[in-house]
Amino acid sequence: MGKVVMYSSVSVDGFVADENDQPGPLFDWLSSGDVPLDESGELKVSQTSYDYTRPYWDQIGVTIVGRHVFDLTDGWDGKPPGGIDHVVVVTHRPGPEGWDPEAPFHFVNGVEAAMAKAQELAGDRVVEVAAGDVGGQVLAAGLIDEVRMDVVPVVFGSGKRYFGSVHAQHLLEDPDVVIQGNRVLHLRCRVRR
(Lines give C-alpha, C1' and ligand atoms only; values in the text may rest on other atoms or scores of the structure.)
Protein backbone atom coordinates (compact mmCIF):
# COMPACT_ATOMS: atom_id res chain seq x y z
CA MET A 1 0.00 0.00 0.00
CA GLY A 2 1.37 3.42 -0.97
CA LYS A 3 1.50 6.42 1.28
CA VAL A 4 -1.33 8.94 1.56
CA VAL A 5 -0.39 12.56 0.90
CA MET A 6 -2.52 15.69 1.41
CA TYR A 7 -1.42 18.28 -1.15
CA SER A 8 -2.18 21.69 -2.59
CA SER A 9 -0.83 25.15 -3.24
CA VAL A 10 -1.72 27.41 -0.32
CA SER A 11 -1.54 31.06 0.70
CA VAL A 12 0.72 32.07 3.58
CA ASP A 13 -2.40 32.42 5.74
CA GLY A 14 -3.62 28.91 4.94
CA PHE A 15 -6.18 29.21 2.13
CA VAL A 16 -6.45 27.15 -1.09
CA ALA A 17 -8.98 29.51 -2.69
CA ASP A 18 -10.84 32.72 -1.95
CA GLU A 19 -14.51 32.89 -0.88
CA ASN A 20 -15.55 32.52 -4.55
CA ASP A 21 -13.45 29.36 -5.08
CA GLN A 22 -10.86 31.30 -7.10
CA PRO A 23 -7.20 30.38 -6.53
CA GLY A 24 -5.95 33.85 -7.50
CA PRO A 25 -2.13 33.80 -7.68
CA LEU A 26 -1.75 30.40 -5.98
CA PHE A 27 -0.77 28.70 -9.22
CA ASP A 28 1.40 31.49 -10.63
CA TRP A 29 4.50 29.52 -9.66
CA LEU A 30 3.43 26.93 -12.24
CA SER A 31 4.16 29.47 -14.98
CA SER A 32 7.08 31.35 -13.42
CA GLY A 33 9.94 29.36 -14.91
CA ASP A 34 11.24 27.94 -18.13
CA VAL A 35 11.25 24.19 -17.43
CA PRO A 36 8.16 22.35 -18.75
CA LEU A 37 6.50 20.42 -15.91
CA ASP A 38 4.27 18.28 -18.12
CA GLU A 39 3.79 17.30 -21.74
CA SER A 40 1.34 20.14 -22.44
CA GLY A 41 4.10 22.72 -22.17
CA GLU A 42 1.65 25.06 -20.45
CA LEU A 43 3.15 24.53 -17.01
CA LYS A 44 6.69 25.90 -16.74
CA VAL A 45 8.50 26.11 -13.43
CA SER A 46 11.99 26.74 -12.13
CA GLN A 47 14.44 23.85 -12.30
CA THR A 48 14.29 23.64 -8.49
CA SER A 49 10.49 23.29 -8.50
CA TYR A 50 10.68 20.76 -11.33
CA ASP A 51 13.20 18.61 -9.45
CA TYR A 52 10.87 18.54 -6.44
CA THR A 53 7.44 18.36 -8.12
CA ARG A 54 7.88 16.09 -11.14
CA PRO A 55 9.15 13.02 -9.20
CA TYR A 56 6.25 13.40 -6.76
CA TRP A 57 3.67 13.71 -9.55
CA ASP A 58 5.12 10.58 -11.16
CA GLN A 59 4.39 8.60 -7.97
CA ILE A 60 0.68 9.51 -7.78
CA GLY A 61 -1.69 6.71 -8.75
CA VAL A 62 -4.98 8.15 -7.49
CA THR A 63 -6.27 11.53 -6.35
CA ILE A 64 -9.18 11.90 -3.94
CA VAL A 65 -11.29 15.05 -4.34
CA GLY A 66 -14.65 16.24 -3.10
CA ARG A 67 -17.67 16.66 -5.33
CA HIS A 68 -17.32 20.44 -5.08
CA VAL A 69 -13.88 20.37 -6.75
CA PHE A 70 -15.13 17.85 -9.30
CA ASP A 71 -18.03 20.16 -10.20
CA LEU A 72 -15.81 23.29 -10.32
CA THR A 73 -13.48 21.63 -12.81
CA ASP A 74 -16.28 19.99 -14.82
CA GLY A 75 -14.62 16.69 -13.96
CA TRP A 76 -11.58 17.70 -16.02
CA ASP A 77 -13.63 16.62 -19.05
CA GLY A 78 -13.29 12.98 -17.95
CA LYS A 79 -9.47 13.02 -18.02
CA PRO A 80 -7.69 12.95 -14.64
CA PRO A 81 -5.34 15.93 -14.22
CA GLY A 82 -1.57 15.67 -14.44
CA GLY A 83 -1.54 12.19 -15.98
CA ILE A 84 -2.99 10.57 -12.85
CA ASP A 85 -4.60 7.17 -13.47
CA HIS A 86 -7.80 7.56 -11.40
CA VAL A 87 -9.81 10.12 -9.45
CA VAL A 88 -12.01 9.11 -6.52
CA VAL A 89 -14.77 11.63 -5.86
CA VAL A 90 -16.23 11.80 -2.35
CA THR A 91 -19.93 12.52 -2.81
CA HIS A 92 -23.41 11.61 -1.65
CA ARG A 93 -24.67 11.91 -5.24
CA PRO A 94 -24.15 9.69 -8.26
CA GLY A 95 -21.99 10.78 -11.17
CA PRO A 96 -23.44 13.55 -13.34
CA GLU A 97 -26.12 12.65 -15.86
CA GLY A 98 -24.51 11.63 -19.13
CA TRP A 99 -21.13 10.98 -17.48
CA ASP A 100 -18.98 8.51 -19.42
CA PRO A 101 -18.96 5.32 -17.31
CA GLU A 102 -15.60 4.39 -18.86
CA ALA A 103 -13.89 7.53 -17.51
CA PRO A 104 -11.47 6.66 -14.67
CA PHE A 105 -13.55 8.48 -12.05
CA HIS A 106 -15.12 6.68 -9.10
CA PHE A 107 -17.97 8.22 -7.08
CA VAL A 108 -17.88 7.06 -3.46
CA ASN A 109 -19.90 7.97 -0.36
CA GLY A 110 -17.63 8.95 2.58
CA VAL A 111 -13.89 9.40 3.12
CA GLU A 112 -13.24 5.91 4.51
CA ALA A 113 -14.85 4.27 1.47
CA ALA A 114 -12.99 6.71 -0.79
CA MET A 115 -9.68 5.79 0.83
CA ALA A 116 -10.38 2.05 0.49
CA LYS A 117 -11.21 2.48 -3.21
CA ALA A 118 -8.19 4.75 -3.80
CA GLN A 119 -5.77 2.32 -2.15
CA GLU A 120 -7.21 -0.57 -4.14
CA LEU A 121 -6.67 1.38 -7.38
CA ALA A 122 -3.27 2.85 -6.45
CA GLY A 123 -1.58 -0.34 -5.24
CA ASP A 124 1.85 0.74 -4.03
CA ARG A 125 1.64 4.19 -5.64
CA VAL A 126 0.77 7.39 -3.77
CA VAL A 127 -2.81 8.26 -2.92
CA GLU A 128 -3.06 12.03 -3.13
CA VAL A 129 -5.82 13.78 -1.20
CA ALA A 130 -6.78 17.28 -2.32
CA ALA A 131 -6.56 19.80 0.50
CA GLY A 132 -9.77 21.45 1.70
CA ASP A 133 -12.82 19.95 3.35
CA VAL A 134 -12.27 16.38 2.12
CA GLY A 135 -8.56 16.54 2.94
CA GLY A 136 -9.40 17.79 6.43
CA GLN A 137 -11.84 14.90 6.91
CA VAL A 138 -9.22 12.37 5.84
CA LEU A 139 -6.68 13.97 8.22
CA ALA A 140 -9.22 13.90 11.08
CA ALA A 141 -9.83 10.19 10.35
CA GLY A 142 -6.09 9.55 10.87
CA LEU A 143 -5.53 8.41 7.27
CA ILE A 144 -2.94 10.99 6.09
CA ASP A 145 0.75 10.03 6.20
CA GLU A 146 2.26 13.25 4.85
CA VAL A 147 1.31 16.88 4.21
CA ARG A 148 2.79 18.68 1.20
CA MET A 149 2.23 22.38 0.69
CA ASP A 150 3.35 24.71 -2.07
CA VAL A 151 3.25 27.92 -0.02
CA VAL A 152 2.77 31.02 -2.16
CA PRO A 153 3.66 34.51 -0.86
CA VAL A 154 0.13 35.95 -0.81
CA VAL A 155 -2.33 36.67 2.01
CA PHE A 156 -6.02 36.00 1.23
CA GLY A 157 -7.48 37.01 4.59
CA SER A 158 -10.38 34.60 4.14
CA GLY A 159 -11.52 31.82 1.88
CA LYS A 160 -11.36 28.02 1.64
CA ARG A 161 -8.97 26.66 4.25
CA TYR A 162 -6.21 24.18 3.43
CA PHE A 163 -7.31 21.85 6.24
CA GLY A 164 -11.02 22.49 5.69
CA SER A 165 -13.09 22.50 8.83
CA VAL A 166 -10.68 20.51 11.03
CA HIS A 167 -10.98 21.85 14.55
CA ALA A 168 -8.81 19.39 16.50
CA GLN A 169 -5.04 19.72 16.85
CA HIS A 170 -2.91 17.44 14.69
CA LEU A 171 0.84 17.38 15.19
CA LEU A 172 3.14 17.15 12.20
CA GLU A 173 6.80 16.25 12.27
CA ASP A 174 9.36 18.94 11.52
CA PRO A 175 9.50 19.67 7.79
CA ASP A 176 11.88 17.20 6.18
CA VAL A 177 11.83 19.13 2.90
CA VAL A 178 11.91 22.91 2.52
CA ILE A 179 12.72 24.08 -1.01
CA GLN A 180 12.46 27.60 -2.39
CA GLY A 181 11.33 27.92 -6.00
CA ASN A 182 10.16 30.96 -7.98
CA ARG A 183 7.19 32.47 -6.07
CA VAL A 184 6.76 29.28 -3.98
CA LEU A 185 8.13 27.48 -0.96
CA HIS A 186 7.72 23.70 -1.14
CA LEU A 187 7.18 22.06 2.27
CA ARG A 188 6.78 18.45 3.26
CA CYS A 189 5.92 17.20 6.75
CA ARG A 190 5.04 13.73 7.94
CA VAL A 191 1.98 13.40 10.16
CA ARG A 192 2.94 12.47 13.70
CA ARG A 193 1.38 9.17 14.81
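The values are calculated or read from the model by the stated rules, or taken from the named source; none is laboratory data. Computed from a prediction, not measured in an experiment: that's the story for all the values here. Cβ sites come from the backbone with ideal geometry, for glycine too, and all protein chains shown count toward neighbours. The protein model used for the area step is the full one, side chains on, heavy atoms only, and it has no ligands, DNA or RNA in it. Shrake-Rupley method; radii C 1.70, N 1.55, O 1.52, S 1.80 Å.
Some notes on this structure:
- Short-range pairs are left out: with C-alpha atoms under 8 Å and at least six residues apart, the relative contact order of the chain is 33 percent.
- Whether the range 106-159 is rounded, prolate or oblate, judged on the alpha carbon gyration tensor where a/c under 1.5 counts as rounded: prolate
- Test item: Cα-centred dipole of the range 8-64, Lys/Arg +1 and Asp/Glu -1 on Cβ, debye: 200
- Ordering THR73, THR63 by accessible surface, largest first, gives THR73, THR63; the 1.4 Å probe counts only protein heavy atoms, with every chain in place.
- Long-range tail of P(r) for the range 37-136 (Cα pairs > 19 Å, %): 44
- Shape category assigned to the range 23-65 from the gyration tensor of Cα positions, a/c cut at 1.5: oblate
- Structure-derived Rg/Rh (Cα atoms, Kirkwood Rh): which label, when the choices are (i) 0.94; (ii) 0.97; (iii) 1.03: (i)
- Which of THR48, VAL134, LEU171, positive extreme of dipole for the chain (C-beta unit charges): LEU171
- Springs join every pair of Cα atoms under 10 Å in this Gaussian network model of the chain, and among GLY14, GLY159, GLY132 the largest mean-square fluctuation is at GLY159.
- Assuming charge only on the beta carbon of Lys and Arg (+1) and of Asp and Glu (-1), the dipole of the range 1-132 about its Cα centre is about 380 debye to the nearest 20.
- Among VAL108, VAL178, VAL87, the largest mean-square fluctuation in a Gaussian network model of the chain (Cα springs under 10 Å) belongs to VAL178.
- The phi torsions of the range 35-42, fed into the Karplus equation with coefficients 6.51, -1.76 and 1.60 and a -60° offset, translate into couplings of 9, x, 8, 9, 6, 5, x, 7 Hz, rounded to whole numbers, with Gly and Pro shown as x.
- Once all protein chains are placed together, HIS68 keeps about 100 Å² accessible to a 1.4 angstrom probe.
- Solvent exposure, largest accessible area first (probe 1.4 Å, DNA, RNA and ligands not counted), of ASP77, ASP145: ASP77, ASP145
- Counting only protein chain heavy atoms and rolling a 1.4 Å probe, the accessible areas of ARG190, ARG125 rank, largest first, as ARG190, ARG125.
- Cβ charges +1 (Lys, Arg) and -1 (Asp, Glu), total dipole of the range 107-193, debye: 240
- Note on ILE84: accessible area is roughly 20 Å² with a 1.4 Å probe, heavy atoms of protein only.
- P(r) tail, the range 87-193: Cα-Cα pairs separated by more than 17 Å, 63% of all pairs.
- Top of SER32, SER40, SER11 by mean-square fluctuation, Gaussian network on the chain, Cα under 10 Å: SER40
- Nearby aspartates and glutamates by direct alpha-carbon distance to LYS79 (threshold 13 angstrom, same-chain neighbours under 8 apart not counted): ASP100, GLU102
- SER158 contributes an accessible area of around 50 Å² to the protein surface, as traced by a 1.4 Å probe with all chains present.
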